[in-house]
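Q: Below you'll find the structure I mean.
The values are calculated or read from the model by the stated rules, or taken from the named source; none is laboratory data. Not measured: the values here are computed from a predicted model. So basically every Cβ, Gly included, is an ideal-geometry build from the backbone, and we count neighbours across all protein chains shown. Surface accessibility is based on the protein's heavy atoms, side chains included, excluding ligands, DNA and RNA. Shrake-Rupley method; radii C 1.70, N 1.55, O 1.52, S 1.80 Å.
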Amino acid sequence: MICMDTVVNRREFLLRSSSIAIAGVLVRSAAMGRPAAVPSAIKKGACIDMLPEGMTVLEKFEVAKRAGFDGIEPNTLNSTNEVNQYKEAAERTGVRITSIMNSDHWKYPLSDSDPEVVRKCVEGLKTSMHNAHDLGAGAVLLVPGVVTADVRYVEVYRRSQHQIRKLLPLARELKVIIAIENVGNRFLLSPLEMARYVDEFESPWVRSYFDMGNVVSTGYPQDWIRTLDQRVCRMHIKRFEPGIDHPKFDRKDRRTQGIDWPEVRRALNEIGYRSWITAEVKSGDENYVKEVSARMDRIFAGQNPI
């Protein structure tokens, strides 16, 4: 539990913790009037769970390669045998490992009030970081905490930062970025706050893992991209795949939940993004995987995917 003398009031919290980071955001934003950069060489990835079920790791990599994907994002690998399977599949197909999706941060949040729960999360994150190092991925996706009825927002903020700071020496040693994802955890709800949270570590080993589809109910992916700018090291993409049941973006009706993909592409150009964009969508057969890949190609070309 946090002692009373460590809890700041709302005004102090917002003013003190946001001023430096927001100033940095505004300085970056002032430069956004420059012409869009030359389209960047974005690398196209697929989450392992979107590939056909019932296949070996190597077979899934082969499907991804035939579909035109450059990389695959596994979940945490808990055995040497699993790591070796992914390493062999990557070497045989030329399909790289994009990053590691940490698996234990929902079941065992860093922000939990139980030290044993936090310990399990830290151990799982360390395993993911070693996975990333061993497979040349360079980054681990982390959901930093979960706000609940029993765990206050300010507690999630402080507890998660405290634990992540303790992991920075390992991140530096392994040369693995801890990439903070925006997700449905009632935490880091705006691009300004995500920027502030990342900046407060003052470390190149903590950056943002931006999920475009996770912000559409409260914001716009292109706004997040422009605000986060160079803080972003990886991205997830969704809400463009076959079978989606929400409307496409309509400039005449801003209430729709679709995404303005050409504007997202312009935002990516403006920040000069050249890292991985990984599809996090449902699983399907090889034809489905190929269609997802083709739709991503259209997005990267500045077009609508459908």
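Q: State whether the residues of segment 123-144 include one that is on the phi > 0 side of the Ramachandran plot and buried (at least 20 other Cβ atoms within 10 Å of the Cβ).
A: Looking for residues that are on the phi > 0 side of the Ramachandran plot and buried (at least 20 other Cβ atoms within 10 Å of the Cβ), one finds at least one in segment 123-144, hence yes.
Q: So which residues in segment 32-69 are over 19 Å from VAL292 (Cα atoms), open to solvent by 80 Å² or more (accessible area, probe 1.4 Å) and either modelled with pLDDT of 95 or more or in a helix (DSSP H, G or I) (or both)?
A: GLY54 - this is the single residue of segment 32-69 that is over 19 Å from VAL292 (Cα atoms), open to solvent by 80 Å² or more (accessible area, probe 1.4 Å) and either modelled with pLDDT of 95 or more or in a helix (DSSP H, G or I) (or both).
Q: Given the criterion in a helix (DSSP H, G or I) and free of Cβ contacts under 8 Å to residues at least 40 places away in the same chain, identify the matching residue among PRO169, PRO204.
A: PRO169
Q: Within segment 276-305, which residues are open to solvent by less than 20 Å² (accessible area, probe 1.4 Å) and either modelled with pLDDT under 95 or of a type in the set (Ser, Thr, Tyr) (or both)?
A: Of everything in segment 276-305, those that are open to solvent by less than 20 Å² (accessible area, probe 1.4 Å) and either modelled with pLDDT under 95 or of a type in the set (Ser, Thr, Tyr) (or both) turn out to be THR278, SER293, PRO305.
Q: Do you know which residues across segment 182-201 are outside any helix (DSSP H, G or I) and either open to solvent by less than 10 Å² (accessible area, probe 1.4 Å) or free of Cβ contacts under 8 Å to residues at least 24 places away in the same chain (or both)?
A: ASN182, ASN185, PHE187, LEU188
Q: Looking at segment 226-244, which of the residues that are over 15 Å from LEU188 (Cβ atoms) and assigned to a helix (DSSP H, G or I) is most open to solvent (accessible area, probe 1.4 Å)?
A: GLN230
Q: Among the residues of segment 285-306, which ones are in a loop (DSSP other than H, G, I, E, B), among the small types (Gly, Ala, Ser) and out of contact with any Pro (no Cβ under 7 Å at 6 or more places or on another chain)?
A: ALA301
Q: Then there's this: What single numbered condition from (1) basic (Lys, Arg); (2) crowded, with 18+ Cβ neighbours inside 10 Å; (3) under 28 Å from PRO221 (Cβ atoms) fails to hold for ARG159?
A: (3)
Q: Give the residues of segment 96-116 that are touching a helix residue (DSSP H, G or I) at 6+ places or on another chain (Cβ under 8 Å), assigned to a loop (DSSP other than H, G, I, E, B) and crowded, with 24+ Cβ neighbours inside 10 Å, sorted by residue number.
A: SER99, ASN102, HIS105, PRO109, LEU110, SER111, listed by residue number.
Q: Pull up segment 71-95, narrow it to residues that are acidic (Asp, Glu), out of contact with any strand residue (DSSP E or B) (no Cβ under 9 Å at 6 or more places or on another chain) and under 14 Å from LYS60 (Cβ atoms), then point me to the one that is least open to solvent (accessible area, probe 1.4 Å).
A: GLU82
Q: Looking only at segment 172-181, count how many residues are in a strand (DSSP E or B) and surrounded by fewer than 19 Cβ atoms within 10 Å (Cβ to Cβ).
A: Count: 0.
Conditions (1) touching an Asp or Glu at 6+ places or on another chain (Cβ under 8 Å); (2) among the aliphatic types (A, V, I, L, M), marked per residue:
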site: LYS87; (1), (2): yes, no
site: SER103; (1), (2): no, no
site: LYS107; (1), (2): no, no
site: VAL117; (1), (2): no, yes
site: CYS121; (1), (2): yes, no
site: MET129; (1), (2): no, yes
site: LEU142; (1), (2): yes, yes
site: ALA149; (1), (2): no, yes
site: ILE164; (1), (2): no, yes
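Matching residues to (1) over 20 Å from ASP104 (Cβ atoms); (2) of a type in the set (Asp, Glu):
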| residue | (1), (2) |
| --- | --- |
| VAL156 | no, no |
| ARG159 | no, no |
| ARG165 | no, no |
| ILE178 | no, no |
| GLY184 | no, no |
| LEU188 | no, no |
| ARG196 | yes, no |
| GLU202 | yes, yes |
| PHE210 | yes, no |
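Q: Pick from VAL156, VAL146: which is in contact with a Ser or Thr (Cβ under 7 Å, 6 or more places away or on another chain), more than 18 Å from ARG231 (Cβ to Cβ) and assigned to a loop (DSSP other than H, G, I, E, B)?
A: Sole residue among the options that is in contact with a Ser or Thr (Cβ under 7 Å, 6 or more places away or on another chain), more than 18 Å from ARG231 (Cβ to Cβ) and assigned to a loop (DSSP other than H, G, I, E, B): VAL146.
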